Amino acid sequence: MYRYDHYDHALVAERVAQFRDQTARFLSGALTEDEFRPLRLRNGLYIQRHAPMLRVAIPYGLLSSAQLRMLGRIAREYDRGYGHFSTRQNLQYNWPKLESVPDILQHLSTVEMHAIQTSGNCVRNITTDHFAGVAPDEIVDPRPFAEILRQWSTFHPEFNWLPRKFKIAINGAEGDRVALLLHDIGLQFVRDGAGEVGIRVIVGGGMGRTPLIGHVINEFVPWRHMLTYVEAILRVYNRHGRRDNIWKARIKILVKSLGPEEFARQVEEEFADHDADSIITDEELERVSAHFADPAYESLADVDADYVQSLADSRAFARWAQRNVHAHKRPGYAAVTLSLKKTGIPPGDVTSEQMEFIAGLADRFSFGELRVSHEQNLILADVKKRDLFALWHAAKSQGLATPNVGLLTNIIACPGGDFCSLANAKSIPIAEAIQRRFDDLDYLHEIGELDLNISGCMNSCGHHHIGHIGILGVDKQGSEWYQVSIGGRQGANARLGDVIGPSFAAADMPDVVEKLVTTYLDLRHEDELFVDTVHRVGIAPFKQRVYAAEPEREAA
């Protein structure tokens, strides 16, 4: 993984010292709240419903075991003993004391971490595939390019005060595991007919108050021109993006208002004027790529006899392997998802003890590295197949082996109204109630793959728009209600879900989800997924079943 050079160390150290001074000045009254707000936001510090929230950057979701141990230590010493992994592959602390935040940032700096640009109207954390570097369907390892984007975007003077926050995802695999079409910019590596590597550029996607699917504005940008082309997009946005209306400030609104063709024309014009400004040289790509060289893999047979025997001997292990073990580019190895979705635990939450335990698993089984997925789980990317049974036993002892990846209880959820001051309703209790209703693995496997996403407000931090079932918290005269959509999906055929009708009271949500599921089971064709059944038959049968029993809901 990438290691800081002396410039990185100096930059982060200076920022920690700067923020320590700013915090002291604010606490002494020398800075007003309005003066302090932009300073704290650029250091990842929010003021939430009950306490500050600190968002720590995890660039493209890659962590070392030493970094995870430090995150666990901070959770234990400065928070309430846990952290929350977000859909942007970052980690959030929900209870730090304001006066302690500079000390937290100092501790982070000792393991080459920070909270810079995890908030504010700037380029946020670059995200990528949690299987990057090991996926069998990979065209190009995107991690060096994600790191180049990270270095380019950090403190970029031209793009440090954009009209609104800005999110970029980059994907090097054939399969889209990063929701490219729902980002401000999505970068998909491709090869042309001659085998040359380039990037398909997608712009103007996003969720939130106005969800939109992004548009391809260039089918093939040579990889050397990635930064110049991204700069051209940001210049057009910076020039024309709305600054007078926060709800219309995202690039998706600009692309929609100009039209994708006109937006692409302006980008091409800007690109032509500055084509040579930020060319990525062979030397620079080699320099950064050296940080992502393969670990010391052993030469192994792809079929391990002990692993095969363990699958035959243990139904529980076989079920876990079916859902949580993933293909690897190297024979004899696998990638493994450690589930943070045990029933009764808020999705994405992990205790300090679990963090330290997982760091030990990474050292023992996966070369001391792990990844964060946008589904709010953790990944050990390089596990020998012969070690999978031992890893499962260890993970199970800490509640990290729930075999539900891709299933209904692998819920994506934001922290919601329990913490966030923007939320209209709580997300965590709804997720827990649904998990309890479907806490039967046999039933979950009968249902099959089904993504359920929950957001506490229209900002869509839980990605409810692209859930096969999406749940959105709404406020109705001071009460918490929940709007339900179905048919959303991510990937190359990304689609926004359709709202089925009036919203529901919190107590009704497990019943609503169960009725949606039983309708699907009644209507599906053989081996047809929930989302495919919805697209085939439409929402009408689901709506009719859900509302037939007249659960408590709003009048209109």
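The values are calculated or read from the model by the stated rules, or taken from the named source; none is laboratory data. These numbers come from a predicted model, not from an experiment. Counting neighbours? That spans all protein chains shown, and the Cβs are built from the backbone with ideal geometry, glycine included.
Here are the numbers:
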quantity: Condition check for residue 343: among the hydroxyl-bearing types (Ser, Thr, Tyr), in contact (Cβ under 8 Å) with a residue 60 or more places away in the chain and either closer than 22 Å to residue 389 by Cα or touching a strand residue (DSSP E or B) at 6+ places or on another chain (Cβ under 8 Å) (or both); calculated: no
quantity: Residue 309 being within 29 Å of residue 135 (Cα to Cα), among the polar types (S, T, N, Q) and touching a residue at least 60 places away in the same chain (Cβ under 8 Å); calculated: no
quantity: Looking only at the range 5-43, and only at residues there that are crowded, with 18+ Cβ neighbours inside 10 Å and of a type in the set (Phe, Trp, Tyr), the one that is farthest from the chain's Cα centre (by Cα); calculated: 26
quantity: Subset of the range 266-305 [in contact with a Leu (Cβ under 9 Å, 6 or more places away or on another chain) and of a type in the set (D, E, K, R)]; calculated: 277, 304
quantity: Residue list for the range 118-153, filter: farther than 18 Å from residue 85 by Cβ, in a loop (DSSP other than H, G, I, E, B) and of a type outside the set (A, V, I, L, M); calculated: 120, 121, 122, 133, 136, 137, 141, 142
quantity: Only listed residue being surrounded by 21 or more Cβ atoms within 10 Å (Cβ to Cβ), in a loop (DSSP other than H, G, I, E, B) and outside the structural domain of residue 61 (by TED's automatic domain parsing), chosen from 342, 426; calculated: 426
quantity: Matching option when the condition is touching a Ser or Thr at 6+ places or on another chain (Cβ under 9 Å) and either touching a residue at least 60 places away in the same chain (Cβ under 8 Å) or within 19 Å of residue 76 (Cα to Cα) (or both), among 370, 380, 408, 361; calculated: 370
quantity: Flag if residue 49 is among the basic types (Lys, Arg) and either within 15 Å of residue 109 (Cβ to Cβ) or at pLDDT below 95 (or both); calculated: yes
quantity: Within the range 44-73, tally of residues that are under 20 Å from the mean Cα position of the chain (by Cα) and over 30 Å from residue 381 (Cβ atoms); calculated: 2
